[in-house]
Each structure stands twice: as C-alpha cells, then as structure tokens.
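Below: the structure, in structure tokens.
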Amino acid sequence: MHFKHTGRSAFTLIELMVVVIIIAALAAMVLPKVLPATDSAKTHIAAGDVANITVALKLYRLHNDRYPTSDEGLDALLKPSTSRTWKESYLERPAIDPWGRKYQYRSPGTHNAGGFDLWSMGVDGQDNTADDVTNWQP
C-alpha cells in the first residue's frame, strides 16, 4: 500500500523555536512580578505562626504557671502536658518558619520583660534586621 502525503503533518524547527522564545519572553516578564509576592506571603505566614505559637505558650503557662524556659525552648510545647486538665501537646509539629528555620524563643523576654520574645529571622536569616517577624512589633 502506498499512501499519498497531502499537507503538513508536523511543525518545523523554526516554528518550535518561535514558540519557545515566546514562552521564555513571557516568563521573563511574569517571574519578577511573582517572586516578591512569595516572600510577602511567607512573611504573612510567619506572622500567623507567631500568633498561633503565642496562644500555645499562653496555654502552657495557664497549665504550668510559667512559660517554658529559654533552655527548654519551644520543644517543650511538643511534649504531652502533665496538667490534670490537659493531656495533649501544645503544638502538633515543630515550630519551623516558612524559610525552614526554627522560630527563636527567649523567656523571660528582653522586649516583653514579663513574658517571652518569639520571632523568625525572616527572609535573610539574620537576627535583628528589618525583615524579622516578631511578637513585640506591630
């Protein structure tokens, strides 16, 4: 059997290259707009985490009459409570910020003298910089 070839059945190399160039150009225009939004979203997630961990710390204090010490750290919230009224842990998972680092904790606090300091070092991973997410700054 012999089939007669009528019309085109595939794209040429030039056509494929034009499509790839168009996709690359679109990506070059869109990515710079999207990537900064990622850091902003992570900062908002960290602020929510700080608020949630703060609630867990206050619940721990309610049951134990004190906050965990700096030496105990936030890991104390992962252990089951010894309280008569509460037998579960205060956090379900380790306190890791959106950048993959542990949240920092100090008790008694230097910014919150009667309580505790809780913070993430933010995007840059450096302590005491403008991008830190803390429980002492609005």
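Residues in the stretch 84-136 that are touching a residue at least 60 places away in the same chain (Cβ under 8 Å) and either assigned to a strand (DSSP E or B) or out of contact with any strand residue (DSSP E or B) (no Cβ under 8 Å at 6 or more places or on another chain) (or both): 118, 119, 120, 123, 131, 133, 134. Scanning the stretch 94-113 for residues that are of a type in the set (A, V, I, L, M, F, W, C) and under 17 Å from residue 68 (Cα atoms) turns up 95, 113.
None of the figures in this text is laboratory data; all of them are computed from the coordinates on show. In this text, all values refer to a predicted model and were calculated from it rather than measured experimentally. When we count neighbours, we look across all protein chains shown, and the Cβ atoms used for this are built from the backbone with ideal geometry, even at glycine.
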